[in-house]
Amino acid sequence: MLILKNTANIFENVKQRNRHEPEFLQAVEEVLASIDPVLDKHPEYESVVRCIVEPERLIIFRVPWIDDMGNVKINRGFRVQFNSAIGPYKGGLRFHPSVNASIIKFLGFEQIFKNSLTGLPIGGGKGGSDFDPKGKTDNEIMRFCQSFMTELSRYIGAYTDVPAGDMGVGAREIGYLYGQYKRIKGLNEGVLTGKGLQYGGSLTRTEATGFGLIYLMEEILRHHQDTLQDKTVVISGSGNVAIYATEKAQQLGAKVVALSDSTGYIYDPDGIKLDIVKRIKEVERKRIHEYVRYYPTAQYYDGCSGIWSIPCDVALPCATQNEIDEGSAKILVKNGCIAIGEGANMPSTPEAIEVYLTHNIKFAPGKAANAGGVAVSALEMTQNSMRLSWSFEEVDKKLQDIMKNIFISMRDAAIAYGQEGNYVIGSNIAGFLKVAQAMHAQGTV
């Protein structure tokens, strides 16, 4: 149960001001409950807390574009620049029909603490549109991205706000966005990350979130005298995060038996054949059910929630917010799951997290577990500024070190506040303290 004492009045004020934004309120309540004990030791940070829950600015704009039939379409674009205390705003762009102000604000708020945990000088931001890239041609996506960037370019820059990709925004979209930014601004700068390797991208960026998730889970298990070796793993999603979490887990000796997309999930008790998944999702751009065409012994099920009924040792939700509810969490516990790591942003409901903590599940929350992507994005920014390109091995080693340091930070913060093993509290406190100290030092509050 989330308990607010020092921060109760702050949260009440947030609810009154944002009463129609459930995702944002959920994210804020979780963080405030975690950092509540901090105000016992540091009452001077109360003003920081009041400030940090309000974005520095929220930008909403119209995005007109023309489809292949010559019809004018209108979407809505967003960018939230939430907090710049420790560096320029940094956070992805999400193109998905569900995108609205609440989701963008929840993602941007989470990004503050995630970025802080990396130890790199980047603030929190997020953006996107309710545009759906599925079923669109390359030309339609190009025209949309160009229109979107025409407006967004007013508010971003290499030392101001550096977007990246997120759900629905991959290398193709980043290329179109970057090309339009260059046309408008006449600048060849590191204003976007996740770029192609031919024009300033970083090796390991595609793999970073998935690899980072596994590196953190391995650190947690190692701390408890265990490893991923011979563990059965269930992963939701089949995008970059899920694919490369699967790849790294398999390299470490785990057996991944399930993946999903928005239509359903596949179960292969012999272990997922990743080369086939990559072909389906990255080359053919088809749905996950195509997997059974290659391996008829695998099983496909419509719908997504059933994936958590598959017995596993480790569960890695990498799809979307609130995909694991209390019922699914209880099934995972009943089936012997010992560890859960969030590859997506806020994929577990508060009730599900309560189940994890009650049953001593080793749980890595998203702001720590999926920080590998933004960490390598920040490393891409560094390479762009230095006009250098690091090798895959160099970037991967830096990523491993960052994820190890994230574990140490959240472990030590949890211990310092009498909550050893509670990585929700540990990650929130560790992320908050760095931002709070910066805001206090700068006279922001």
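Summary of computed values
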{"read-out": "Residue match in the range 354-372 (condition: under 17 Å from the mean Cα position of the chain (by Cα), polar (S, T, N, Q) and surrounded by fewer than 24 Cβ atoms within 10 Å (Cβ to Cβ))", "value": "no"}
{"read-out": "Some residue of the range 83-91 being without any contact (Cβ under 8 Å) to a residue 60 or more places away in the chain and not small (Gly, Ala, Ser)", "value": "no"}
{"read-out": "Lone qualifier among Ser391, Ser377, Ser409 - being touching a strand residue (DSSP E or B) at 6+ places or on another chain (Cβ under 8 Å), among the polar types (S, T, N, Q) and not assigned by TED's automatic domain parsing to the domain that holds Gln225", "value": "Ser377"}
{"read-out": "Flag if Arg79 is basic (Lys, Arg) and either assigned by TED's automatic domain parsing to the domain that holds Ala158 or crowded, with 22+ Cβ neighbours inside 10 Å (or both)", "value": "yes"}
{"read-out": "Count of the range 88-121 residues which are closer than 12 Å to Val374 by Cβ, among the aliphatic types (A, V, I, L, M) and within 15 Å of the chain's Cα centre (by Cα)", "value": "3"}
{"read-out": "Strands (runs of 3 or more DSSP E) fully within the range 293-407 counting 1 or more residues that are within 30 Å of Leu120 (Cβ to Cβ) and touching a residue at least 12 places away in the same chain (Cβ under 8 Å)", "value": "314-316, 339-341, 362-364"}
{"read-out": "Any chance Asp68 is outside any helix (DSSP H, G or I) and among the acidic types (Asp, Glu)", "value": "yes"}
{"read-out": "Among (1) of a type in the set (Gly, Ala, Ser); (2) farther than 22 Å from Ala33 by Cβ; (3) within 22 Å of the chain's Cα centre (by Cα) - the single one Ala298 does not satisfy", "value": "(3)"}
{"read-out": "Qualifying residue in the range 127-150 (condition: closer than 30 Å to Gly253 by Cβ and buried (at least 18 other Cβ atoms within 10 Å of the Cβ))", "value": "no"}
{"read-out": "Some residue of the range 411-426 being farther than 25 Å from Lys126 by Cα and touching a Phe, Trp or Tyr at 6+ places or on another chain (Cβ under 8 Å)", "value": "yes"}
{"read-out": "Condition check for Gly87: surrounded by 17 or more Cβ atoms within 10 Å (Cβ to Cβ) and under 30 Å from Ile415 (Cβ atoms)", "value": "yes"}
{"read-out": "Residue check for Gly179: among the small types (Gly, Ala, Ser), assigned by TED's automatic domain parsing to the domain that holds Thr160 and at pLDDT 95 or above", "value": "yes"}
{"read-out": "Scan of the range 403-434 for residues that are of a type outside the set (Asp, Glu), more than 19 Å from the chain's Cα centre (by Cα) and over 12 Å from Ala368 (Cα atoms), ordered by number", "value": "Ala413, Ala414, Ile415, Ala416, Tyr417, Gly418, Gln419, Gly421, Asn422, Leu433, Lys434"}
{"read-out": "Test result for Phe61, among the aromatic types (Phe, Trp, Tyr), surrounded by 13 or more Cβ atoms within 10 Å (Cβ to Cβ) and within 15 Å of Glu110 (Cβ to Cβ)", "value": "no"}
{"read-out": "So Gln400, is it within 18 Å of the chain's Cα centre (by Cα) and surrounded by fewer than 24 Cβ atoms within 10 Å (Cβ to Cβ)", "value": "yes"}
{"read-out": "Residues (part of a helix (DSSP H, G or I) and either of a type outside the set (Gly, Ala, Ser) or in contact (Cβ under 8 Å) with a residue 40 or more places away in the chain (or both)) located in the range 408-425", "value": "Ile408, Ser409, Met410, Arg411, Asp412, Ile415, Tyr423, Val424, Ile425"}
{"read-out": "Selection count, the range 76-101, where residues are of a type in the set (Ser, Thr, Tyr) and closer than 25 Å to Thr444 by Cβ", "value": "2"}
{"read-out": "Of residues in the range 184-219 being of a type in the set (D, E, K, R) and over 27 Å from Gly135 (Cα atoms), the one surrounded by the fewest Cβ atoms within 10 Å (Cβ to Cβ)", "value": "Lys185"}
{"read-out": "Count - residues of the range 132-147 that are at pLDDT 95 or above and more than 22 Å from the chain's Cα centre (by Cα)", "value": "11"}
{"read-out": "Lone unmet requirement of (1) modelled with pLDDT of 95 or more; (2) surrounded by 16 or more Cβ atoms within 10 Å (Cβ to Cβ); (3) assigned to a helix (DSSP H, G or I) for His440", "value": "(1)"}
{"read-out": "Residue among Tyr291, Tyr301 that is at pLDDT 95 or above, within 30 Å of Gly135 (Cα to Cα) and either surrounded by 20 or more Cβ atoms within 10 Å (Cβ to Cβ) or assigned by TED's automatic domain parsing to the domain that holds Gly165 (or both)", "value": "Tyr291"}
{"read-out": "Given (1) under 21 Å from Ser348 (Cα atoms); (2) touching a residue at least 60 places away in the same chain (Cβ under 8 Å); (3) touching an Asp or Glu at 6+ places or on another chain (Cβ under 8 Å), number of the condition His440 does not satisfy", "value": "(1)"}
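The values are calculated or read from the model by the stated rules, or taken from the named source; none is laboratory data. Fair warning: this is a prediction, and the values are worked out from it, not measured in the lab. Neighbour counts run over all protein chains shown; Cβ positions are idealised from the backbone, glycine included.
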